[in-house]
Amino acid sequence: MKIFENTCVFDHPWNMVSAANWRKYPNEFSSHVISVDTLRREVDPSTGVLRSERIIACKQSAPRWILRLIGGDEISFVREVSEVDPKSQTVVMRSVNLTFANILSVQETVKYHPDPESPAKTIFEQNANISAYGPLQRLENFTVDRFSQNATKGRKGFEEVLEKVSQMHFWKDEGKRQAQAAFASA
């Protein structure tokens with residue numbers, strides 16, 4: 001088993017990061033994500049936790065030796081279950097590969113939460129456990145390398161999405177200020 005871990009800090013508050021998470025795809029840095037389909041979304045009335053289940057389709061340019069060995073094509077599917085807890089200000093997303101699950105298990109957990117030292121920032125934590133079955137141990141190293149490449153691209157893409165959402169919030173707030181000023185002067 002191989003483990004991939006990644007942590008970074010986004011210079012945006014948790015509420016903005018958690019909202020932008022739903023707008024993460026498409027973006028120019030994560031062109032491997034083809035589609036994201038929401039299967040279910042519900043709010044627990046007793047806790048306020050939003051739970052979502054999605055299927056994400058990705059095009060991975062797997063090496064030909066892998067495709068020859070295991071068959072299939074370059075489209076893979078991932079099931080993601082996420083929970084957004086507004087009270088504790090956490091987003092936790094757990095995903096597992098559906099494609100080639102009989103030979104490779106990829107279990108990823110992503111967590112967003114406010115930076116305790118700077119509440120205007122959000123900490124991102126990513127952990128993936130990767131296990132190949134049988135004689136396919138080389139597949140673990142390939143998958144860890146791919147995770148690392150995609151994590152770098154994903155961070156750049158999410159920063160781009162965060163900037164767009166930040167600008168939307170700015171103009172929304174600016175519009176409110178202008179409307180309030182106009183109303184006050186009338």
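Filter segment 157-168 for residues that are small (G, A, S) and either under 14 Å from W14 (Cβ atoms) or outside any helix (DSSP H, G or I) (or both) and give the result. Once the filter is applied, which keeps residues that are small (G, A, S) and either under 14 Å from W14 (Cβ atoms) or outside any helix (DSSP H, G or I) (or both), segment 157-168 yields only S166.
If you go through segment 2-12 one residue at a time, do you hit one that is over 21 Å from T122 (Cβ atoms) and either surrounded by fewer than 16 Cβ atoms within 10 Å (Cβ to Cβ) or not charged (D, E, K, R) (or both)? Within segment 2-12 (the criterion being over 21 Å from T122 (Cβ atoms) and either surrounded by fewer than 16 Cβ atoms within 10 Å (Cβ to Cβ) or not charged (D, E, K, R) (or both)), the answer is yes, since at least one residue qualifies. Residue count for segment 26-44, restricted to those that are out of contact with any helix residue (DSSP H, G or I) (no Cβ under 8 Å at 6 or more places or on another chain), within 16 Å of N150 (Cβ to Cβ) and not polar (S, T, N, Q): 4. Remark: V36 falls outside the filter, which requires a residue to be in contact (Cβ under 8 Å) with a residue 24 or more places away in the chain, surrounded by 13 or more Cβ atoms within 10 Å (Cβ to Cβ) and of a type outside the set (F, W, Y).
When segment 108-117 is filtered for residues that are closer than 18 Å to R51 by Cβ and surrounded by fewer than 18 Cβ atoms within 10 Å (Cβ to Cβ), the ones remaining, listed by number, are T109, K111.
Is it true that G48 is in a loop (DSSP other than H, G, I, E, B), touching a residue at least 24 places away in the same chain (Cβ under 8 Å) and within 21 Å of T90 (Cα to Cα)? Criteria met by G48.
The conditions of being modelled with pLDDT of 95 or more and not hydroxyl-bearing (S, T, Y) are met by V92. Out of the residues in segment 118-132 meeting the condition of being of a type in the set (S, T, Y) and surrounded by 13 or more Cβ atoms within 10 Å (Cβ to Cβ), tell me which one is farthest from the chain's Cα centre (by Cα). Per the criteria, the residue is S131.
The set of residues in segment 88-102 that are of a type in the set (V, I, T), within 22 Å of W22 (Cβ to Cβ) and buried (at least 16 other Cβ atoms within 10 Å of the Cβ) comprises T90, V91, V92. When you go through S105, S82, S76 one by one, which is the residue that is modelled with pLDDT of 95 or more, surrounded by 15 or more Cβ atoms within 10 Å (Cβ to Cβ) and closer than 26 Å to S35 by Cβ? Just a single option satisfies the conditions, and that option is S82.
The values are calculated or read from the model by the stated rules, or taken from the named source; none is laboratory data. Keep in mind it's a predicted model, so treat the numbers as computed, not measured. Here Cβ is always computed from backbone atoms with ideal geometry, including for glycine, and neighbour counts include all displayed protein chains.
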